[in-house]
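Working notes, structure below.
The values are calculated or read from the model by the stated rules, or taken from the named source; none is laboratory data. Since this is a predicted model, take the numbers as computed values, not measurements. In this analysis, Cβ positions are derived from the backbone assuming ideal geometry, glycine residues included, and neighbour counts consider all displayed protein chains.
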Amino acid sequence: MKRDFLKIASKNFNSRLIVGTGKYKSFLECSKAIEAAGAEIVTVAVRRVNISDKKKPVLMDYIDPKKITYLPNTAGCFTSDEALRTLRLAREIGGWKLVKLEVLGDKKSLLPDMIETLKSTEVLSKEGFKVMVYCNDDPLMAKRLENVGAVAIMPLAAPIGSGLGIQNYINIKIIRNQTKLPLIIDAGIGEASDAAIAMELGCDGVLINTAIAQAKKPLEMAKAMKYAVLAGRKSYLSGRIKKSLMGFASTTNKGII
């Protein structure tokens with residue numbers, strides 16, 4: 001049987017669950033949650049990484065970058081210039097070229113500024129970065145991101161940290177049907193059923209941070225998300241039955257006495 005890898009920028013991953021590294025009580029809890037989730041990619045906010053205070057713990061002491069793929073992101077950036085500067089710094093520090101871009105529009109909604117995002121994606125792609133892009137759920141904008149060189153489209157399910165789950169099933173399906181790029185739901189997942197639904201819609205993966213890190217039992221939630229992603233993917237590949245307004249007997253009428 002052919003193995004079902006998540007392929008991003010020519011690299012294969014077994015897990016389709018990407019985990020963020022923020023909001024945990026400690027790096028130790030974070031590392032245990034990543035292990036429980038079975039994640040092979042973790043996002044790291046470059047602007048919040050400790051690189052100067054040697055007295056404070058360092059993420060790499062708990063999460064081995066040789067075993068787990070670090071995905072530097074531009075969390076906290078509100079302009080294209082900030083995002084570009086941040087990812088260029090990440091490349092200088094660690095040689096990272098596979099990155100996650102997010103350029104936010106305002107501090108209240110944390111919704112993406114798509115004009116700045118599109119501009120940044122084009123510049124970074126031309127500079128040789130492999131850009132996974134956090135975006136809104138607009139199919140037209142998703143196509144534009146693809147056209148300027150994005151390697152993965154990452155529409156929000158709902159605002160970052162809201163836990164509202166997927167709010168626009170139709171647009172996610174449209175994006176799925178129009179692109180061959182990896183489609184990864186990013187932001188707004190609240191519980192395991194949200195992750196399963198994302199996968200049943202045909203998404204290639206799910207990125208989760210707050211729903212795990214802020215759960216009452218983060219390690220248990222990490223496990224729940226792991227199995228939800230697996231179940232949703234299996235469901236999607238299995239091919240669901242057609243919906244009907246009327247009932248159909250599960251057994252044939254032939255031969256009924």
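Is it fair to say Ile115 is among the β-branched types (Val, Ile, Thr) and in a loop (DSSP other than H, G, I, E, B)? Outline the logic, then answer.
Numbers: among the β-branched types (Val, Ile, Thr): yes; in a loop (DSSP other than H, G, I, E, B): no.
It is false that Ile115 is among the β-branched types (Val, Ile, Thr) and in a loop (DSSP other than H, G, I, E, B).
Determine which member of the set Val99, Val131 is part of a strand (DSSP E or B), surrounded by 20 or more Cβ atoms within 10 Å (Cβ to Cβ) and in contact with a Pro (Cβ under 7 Å, 6 or more places away or on another chain). Full working, then the answer.
On the way: Val131 fails: in contact with a Pro (Cβ under 7 Å, 6 or more places away or on another chain).
Result: Val99 is the single residue among Val99, Val131 that is part of a strand (DSSP E or B), surrounded by 20 or more Cβ atoms within 10 Å (Cβ to Cβ) and in contact with a Pro (Cβ under 7 Å, 6 or more places away or on another chain).
Looking for whichever is surrounded by 15 or more Cβ atoms within 10 Å (Cβ to Cβ), in contact with a Cys (Cβ under 8 Å, 6 or more places away or on another chain) and either among the aromatic types (Phe, Trp, Tyr) or not in a helix (DSSP H, G or I) (or both) here; the options are Ile153, Ile166. Which one fits?
Numbers: Ile166 fails: in contact with a Cys (Cβ under 8 Å, 6 or more places away or on another chain).
So the residue among Ile153, Ile166 that is surrounded by 15 or more Cβ atoms within 10 Å (Cβ to Cβ), in contact with a Cys (Cβ under 8 Å, 6 or more places away or on another chain) and either among the aromatic types (Phe, Trp, Tyr) or not in a helix (DSSP H, G or I) (or both) is Ile153.
Scan the range 12-25 for residues that are surrounded by 13 or more Cβ atoms within 10 Å (Cβ to Cβ) and more than 19 Å from Met199 (Cα to Cα) and jot them down. Step through it out loud before you land on a result.
Residues of the range 12-25 that are surrounded by 13 or more Cβ atoms within 10 Å (Cβ to Cβ), as a first pass: 13, 15-24.
Passing the criteria: Thr21, Gly22, Lys23, Tyr24.
Are there any pairs, at least 6 apart or on different chains, whose C-beta atoms fall under 6 Å, with the first in the range 77-105 and closer than 14 Å to Glu127 by Cα and the second crowded, with 23+ Cβ neighbours inside 10 Å and of a type in the set (Phe, Trp, Tyr), and if so, which?
Partner pairs satisfying both residue conditions: Lys97/Phe129; Val99/Phe129.
When the residues of the range 206-233 are filtered to those that are part of a helix (DSSP H, G or I) and of a type in the set (Lys, Arg), which remaining residue is farthest from Thr21 (Cα to Cα)? Walk me through it before giving the result.
Looking only at the range 206-233, we keep the residues that are part of a helix (DSSP H, G or I), and these are 210-213, 218-233.
Retained after the next criterion (residues that are of a type in the set (Lys, Arg)): 223, 226, 233.
On the way: Lys223: 16, Lys226: 16, Arg233: 24 Å.
Applying the filter and picking the extreme gives Arg233.
Could you please let me know if Ala195 is in a helix (DSSP H, G or I), more than 13 Å from the chain's Cα centre (by Cα) and modelled with pLDDT of 95 or more? I'd like the intermediate steps shown before the answer.
Details: in a helix (DSSP H, G or I): yes; more than 13 Å from the chain's Cα centre (by Cα): no; modelled with pLDDT of 95 or more: yes.
Here the answer is no, as Ala195 does not meet what is asked.
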